[in-house]
Amino acid sequence: MKVLFIGGTGIISSGSAALAAGRGIDLTLLNRGQSVRTPPAGARVLHADIRDRAAVQDALGGQKFDVVADFLSYTPDQVQANLDLFAGKTGQYVFISSASAYQTPPAILPIRESTPLDNPVWEYSRNKIACEELLLRAYRETKFPFTIVRPSHTYDPCYVPLPGGYTVIDRMLKGKPVIVHGDGSSIWTLTHTRDFARGFVGLLGNSHALGEVFHITTDEWLTWNGIFRIFVQVLGVEPNIVHVPSDLIAAYDQTLGASLRGDKMHSAIFDNNKIKQVVPDFVCTTPFSQGAREIVNWFMADPARQKPDPVYDALFDRILANYRKAWPEE
C-alpha cells in the first residue's frame, strides 16, 4: 500500500508514521522538515510546504497514492486545495479533524460520532467543522473517497499536554503555584500517540472507512486534578495547585481562554465502539501515569529542551496575583 502523510512528524502523526512504516507500508512524508521528531526508518521524506502549490507539485511529481492522510489542514480553503490536488490521484483521503468540533458542552455523555457538531466558542473547532462539511459535499457530488478522523487530546513524549506546556513543569520544579482551571473535577481524556496510531493505521486502505467518521481516543478517564497530580508524583515535588475559573483565565488570554472554554473545561468521555468495530485490534495500552513519565524523562534528558515560556510564566503570575487579591487565602 502506497501512502502519503501530509505532515508525519507532529504530535499526532509521528506515532502513526512509525507504526505504518513498521508494518511495511510504502510511506512518504511531505513536510517542511522542521520538527524535533525524526521520521521513521523506511519512510521516504519530501520537503515542501503544503501551502506552496508549486513546490508540492514539484516534490510529488504527479505520483498517485492509495491513501493520502492530511494532518495539516485547518480551514476549508486548505482542504479544497488538497481536493483539487489529489482528485483522481488517491483511493482514500483521510482528514484529521478534531473532537473539539463536537457539541460544546455535550448534552449527552459519552460522546459518539453521531453527537452534533457545534462549538460556539473556539474558531479552530468551527473551521474543522467547515472542513468536514466540505468533504461531505465532495462525497455527495463526486464520491470523493474521504475518511474523517477526530482525535481528542493526543500527546507524545515531546509534548506536555497542559495549558502552558513545559512552563507548568518548570513551575512545579521550582515550587511555584500552578493553575488548574475550574475546580479541576471535569473529566478529560489524554491519548498517547502510540495508542492513537493503532486505530489510525487500521483505517488506511480500509474499505469500511470510506465516507465514514471516527474518533480515536483512550478509554482512560482522568480529572484535571488527577492529571496535574500525576505530574507532581512523577516529578517528586509537593503539589502547589490553585484553582482559577476558566472565564477569568479567558479574560487574561483569549487564545488560552478559547482552548479552555471551547474544549478543556467541559468533561469529555468518548464511546470508541465504532473504531473498535472497524479496526478490531485497536486497543490503548498506555496509561497516563506511564505517558507522563515518558514526557518528564524526555525533557530531563537534555537541558536544551527545558525551555519555559516567559510569556506564559508572567501570565500565570499575573493571574494568580490578581486572583488572590479578590480571593485571599484563609
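FYI, it's all coordinate maths here, none of it is from the lab. Remember, it's a predicted structure, so these values are computed and weren't measured experimentally. As a convention, Cβ positions derive from the backbone with ideal geometry for all residues, glycine included, and neighbour counts pool all protein chains shown.
Descriptive notes on the structure:
- Simple rule: put +1 on each Lys or Arg Cβ and -1 on each Asp or Glu Cβ in the chain, find the dipole, and look at Pro105, Ala54, Ala81; the Cα lying farthest toward the positive end is Ala54.
- Calculated FRET efficiency for the pair Arg293/Leu109, C-beta based, R₀ 41 Å, to 0.05: 0.90
- Using a cutoff of 8 angstrom between alpha carbon atoms and counting only pairs six or more residues apart, the relative contact order for the range 204-325 works out to 32 percent.
- Each residue of the range 56-70 was assigned a 3J(HN,Hα) from its phi angle through the Karplus expression (A = 6.51, B = -1.76, C = 1.60, θ = phi - 60°), giving 5, 4, 5, 5, 7, x, x, 5, 10, 9, 5, 9, 10, 10, 9 Hz with x at Gly and Pro.
- The dipole here belongs to the chain: it is taken about the Cα centre, uses +1 on the Cβ of Lys and Arg and -1 on the Cβ of Asp and Glu, and is about 460 debye.
- Between helix 288-300 and the chain: long-axis angle, C-alpha atoms, 0 to 90°, nearest 10: 80 degrees
- The helix-based estimate of mean residue ellipticity at 222 nm for the chain, built from -39,500 (n - 2.57) per DSSP H run of four or more residues and divided by its residue count, is -12000 deg cm²/dmol to the nearest 500.
- Estimated vicinal HN-Hα couplings, Hz - the range 218-228 in sequence order (Karplus 6.51, -1.76, 1.60; Gly, Pro = x): 6, 9, 7, 10, 9, 7, 5, 4, x, 4, 5
- Cα gyration tensor shape for the range 4-63, rounded if a/c is under 1.5, else prolate or oblate: oblate
- Note on the range 146-305: antiparallel DSSP beta bridges, both residues inside, total approximately 15 percent of the bridges counted.
- For the chain, lysine pairs with C-alpha atoms less than 29 angstrom apart, excluding pairs fewer than eight positions apart on the same chain, total 29.
- Couplings 3J(HN,Hα) for the range 263-272, derived from phi with the Karplus relation 6.51 cos²θ - 1.76 cosθ + 1.60 (θ = phi - 60°), are 7, 6, 7, 9, 5, 9, 10, 10, 8, 9 Hz, where x marks Gly and Pro.
- Angle of helix 123-142 to the longest C-alpha principal axis of the chain, folded into 0 to 90 degrees and rounded to 10: 20°.
- Charged-residue dipole, Cβ positions (Lys, Arg, Asp, Glu), the range 173-225 about Cα centre, Debye nearest 20: 340 debye
- Antiparallel DSSP beta bridges within the chain, percent to nearest 5: 10 percent
- Residues whose amide H lies under 5 Å from that of Ile111, counting only those 5 or more places away or on a different chain, are Ile269, Phe270, Asp271; hydrogens are built 1.01 Å from N in the peptide plane.
- Angle in degrees between helix 11-22 and the longest Cα principal axis of the chain, rounded to the nearest 10: 50 degrees
- For the range 1-99, the Cβ-based charge dipole about the Cα centre amounts to some 240 debye (Lys, Arg positive; Asp, Glu negative; other atoms uncharged).
- Fraction of antiparallel bridges per DSSP, the range 68-191 only, in percent to nearest 5: 10 percent
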